[in-house]
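For reference, the structure discussed in these notes is given below.
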Amino acid sequence: METEQNTAELAVTTMASEDSTETFVMVKSKKASKRKREQNGVDMESESSVASKRPQFPPISGDKLTGGSDEMRKVAVPAHRYTPLKENWLRIFTPIVENLQLQVRFNLKTRNVEIKTCKDTQDIGSLTRAADFVRAFVLGFQVEDALALIRLDELFLETFDVTDVKPLKGDHLSRAIGRIAGKGGKTKFTIENVTKTRIVLADSKVHILGSFQNIKMARTAICNLILGEAK
């Protein structure tokens with residue numbers, strides 16, 4: 001009797017399971033739906049949350065950047081640039097003091113142009129700009145060309161020697177320098193106009209003022225002239 005009852009119960013359960021499989025409907029888990037909602041909310045709020053969580057700091061004065069102490073740059077002046085520096089001192093002095101709020105003087109003992117920050121200096125980077133400006137003038141650039149180092153950010157100075165490109169001596173070195181300058185300086189002027197740079201030839205030294213890409217083009221042209229290659 002017990003075996004018959006067990007078999008009957010098994011039959012009923014199998015019938016019930018078949019009926020339940022026919023009416024079974026897939027239900028999404030609550031965890032998956034909740035996770036998707038959270039991801040969508042994070043995507044929507046990411047930009048606003050980052051903007052709101054970003055700290056806001058007040059601008060720092062020049063005194064705090066330097067730690068309260070004044071910084072100084074010194075630019076050595078060779079003997080052959082004393083007279084041009086004296087003649088153009090007012091044009092050099094004015095932009096450094098009025099525009100960059102720096103202090104500048106020429107030390108007669110050490111023969112250096114000394115540039116120093118003060119309490120009115122707002123941008124600590126202006127000290128480097130002023131030093132590059134004076135250095136460019138000392139190397140032989142005109143004041144108008146050197147002023148671009150103060151007004152523009154992406155300008156650089158590059159210096160190299162003719163003998164660094166090719167070891168030349170005597171007349172060979174003189175002819176290489178002559179090829180760079182050209183007759184009446186025409187070759188140098190052409191390179192300056194094409195590459196939008198300024199070039200100074202000082203003995204065997206070549207000084208180039210301009211942007212990074214323009215300096216690269218001018219340097220390539222000058223090197224080809226030194227090597228005697230016609231491009």
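The values are calculated or read from the model by the stated rules, or taken from the named source; none is laboratory data. Predicted model, so just to flag it, every value in this text is computed and none were measured. Note that each Cβ is placed from the backbone with ideal geometry, even for glycine, and that neighbours are counted across all protein chains shown. For the accessible areas, the whole protein counts, side chains as well, though only heavy atoms, and no ligand, DNA or RNA atoms are used. Shrake-Rupley method; radii C 1.70, N 1.55, O 1.52, S 1.80 Å.
Structural remarks
- Selected residue (criterion: nearest to residue 148 (Cα to Cα)) from residues of the range 54-85 that are at pLDDT below 70 and surrounded by 14 or more Cβ atoms within 10 Å (Cβ to Cβ): 62
- Scan of the range 86-109 for residues that are assigned to a loop (DSSP other than H, G, I, E, B) and either touching an Asp or Glu at 6+ places or on another chain (Cβ under 9 Å) or open to solvent by 70 Å² or more (accessible area, probe 1.4 Å) (or both), ordered by number: 100, 101, 102, 108, 109
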